[in-house]
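See structure below.
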């Protein structure tokens with residue numbers, strides 16, 4: 001069985017969010033809210049980058065963030081190539097607005113309202129950057145910055161937050177079928193896609209190794225090892 005690595009543990013999530021929240025800088029506060037929102041929804045970053053203030057306002061009224069099919073995986077890439085997506089399985093997806101998601105949406109809307117309206121008169125983005133919707137590349141760069149500041153493993157990307165959402169649901173769910181809950185929440189067309197989260201987690205792997213090899217040395221043996229003794233066997 002493979003080890004699932006590309007997600008954040010409970011402690012790593014706390015480190016990341018705490019680091020961003022601790023700064024009074026407006027950009028840091030913005031980043032804290034969208035990082036938190038991605039962990040809470042598991043939205044793909046290419047989709048999330050298209051979310052608008054109008055979608056958030058509607059979600060606060062109706063209780064669901066509704067993402068139209070054209071924003072979902074596969075549609076945007078085809079349209080950029082001038083192709084018309086024809087996958088019948090691609091339908092709108094919705095995210096239930098929990099109290100914590102509501103907090104994030106309200107905070108991002110306040111930040112969005114402080115920005116200027118788009119020059120082209122289009123819909124106002126939910127997350128701003130340099131006078132326009134924050135780009136996917138900017139999300140990646142900002143998350144790497146905060147991950148580094150928080151002392152997290154290298155390679156953290158927005159897609160890790162999607163995996164983190166799935167792992168959180170499977171670990172915390174009281175459902176008899178947490179995989180099904182994760183499938184519906186993430187919008188997977190097939191349960192087989194969600195099956196990757198049954199792989200051994202990093203926490204399980206490290207905990208089991210500690211149980212096998214992690215017995216503490218005696219003080220005498222530890223001192224001898226620190227002094228470079230060759231007679232200590234691990």
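A few notes on this one:
- Rounded to the nearest 0.05, the FRET efficiency derived from the C-beta distance between residue 113 and residue 210 at R0 = 45 Å is 0.35.
- With distances taken between every two different alpha-carbon atoms, the range 26-76 has a Kirkwood hydrodynamic radius of 11.9 Å.
- With coordinates expressed along the principal axes, the C-alpha atoms belonging to the range 105-167 extend over 40, 22, 17 Å, beginning with the largest.
Laboratory data are not the source of any read-out in this text; all were calculated from the coordinates shown. Because the structure is a prediction, the values reported are computed rather than measured. Ideal geometry is used to build each Cβ from the backbone, glycine not excepted, and the neighbour counts take in all protein chains shown.
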